[in-house]
C-alpha cells in the first residue's frame, strides 16, 4: 500500500512538471500539421532568437527607429530598450536556411520610410536575403509602398479588437481598410486571430498574417482548424517562452 501511495505521488509530480513545461513547448498540439507556417512571436533578444530558430522556420520581432541617430532598435514599448541594434540582431541569423523574418516596425510611415527602406534594403541585399522571406508590417500603410514595389511582403497592421466595435464603427473601419487596399493592392493585412472572421468575411482573397497569443492550457482547436486550413493565411504567430532572453 505504501508503495502504491509513492507511485501515485510520483505520477502526480510528473504530470505537474509536464504541465508546467508544456508552456515552453514550441510544438503546441493545436498547431499540429501546420508547424511550417507557425512562427515565434516577439523574439526581441539574441538569446531568444537563437533558441527560437532551433524550432521555428520564422520569427517576429519589434523594431523602433530613431531618425536623429539613424538607428533601428530591437524594442517594444513600454519595455526599456536593451540597446540591441538590428545590425547586431541580423548578423547573428545564419543564412544557410533563410528563416522567415516578420519585422513589426513601430511608427514606420511616409516621413521615415525612405530612410528605413535604405537601411534595411542595404543590409538584406548585402547578404542576398530573399525578399519573399521578409515581411514588413506597420500600422501606417503609407509607409509601405517603397517596400512593396521592391518585392518585399508587406502588411497593414489593423486596429485591434475589431470584433468588439459597434456595427457602425466596424463599418467605418472596413471602409477605411478597403480604401487602403484599393490604393495598395499588393499589401496584406495582419491582426489577432480574434478578428479573423471579420478579415475572412470582408477580405476573403487578401493575404493574412495572424497571431494566436493564447494560453497553452486553453487551446482554440475549432477556431484554429478553420484558420490553419485557409490558404490565404500565410503565417500564424505563436507565443514562445524561452528559458532566457524573453522580453
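See the values below:
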read-out	value
Helix 2-22 axis, angle to the chain major axis (alpha carbon atoms, nearest 10°)	0
Alpha-carbon centroids, region 219-242 and region 140-206: separation in whole Å	18
Antiparallel bridges, percent of DSSP beta bridges restricted to the chain (to nearest 5)	15
Additional length obtainable on full extension of the chain from residue 87 to residue 115, 0.36 nm per residue less Cα span	8.6 nm
Spacing of the two label points (7 Å from each Cα toward its C-beta) at residue 132 and residue 174, in nm	3.3
Label-point separation in nm, residue 166 to residue 220, each point 7 Å along Cα→Cβ	2.6
Spatial separation of Cα centroids for region 26-93 and region 107-139, in angstrom	15
Residue exposure sequence - 222, 139 - by fewest surrounding Cβ within 10 Å	222, 139
Stokes-Einstein D in µm²/s, Kirkwood radius over Cα pairs - the chain at 37 °C with 0.692 mPa s viscosity	168
Residue 97 paired with residue 80, simple spin-label distance in nm, labels 7 Å along Cα-to-beta-carbon	3.6
Helix-derived mean residue ellipticity, 222 nm - over the chain, DSSP H n ≥ 4, -39500 (n - 2.57), to 500	-10500 deg cm²/dmol
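Laboratory data are not the source of any read-out in this text; all were calculated from the coordinates shown. These numbers were taken from a predicted model, which means no experiment stands behind them. Glycine gets a Cβ as well: all are built from the backbone with ideal geometry, and neighbour counts include every protein chain shown.
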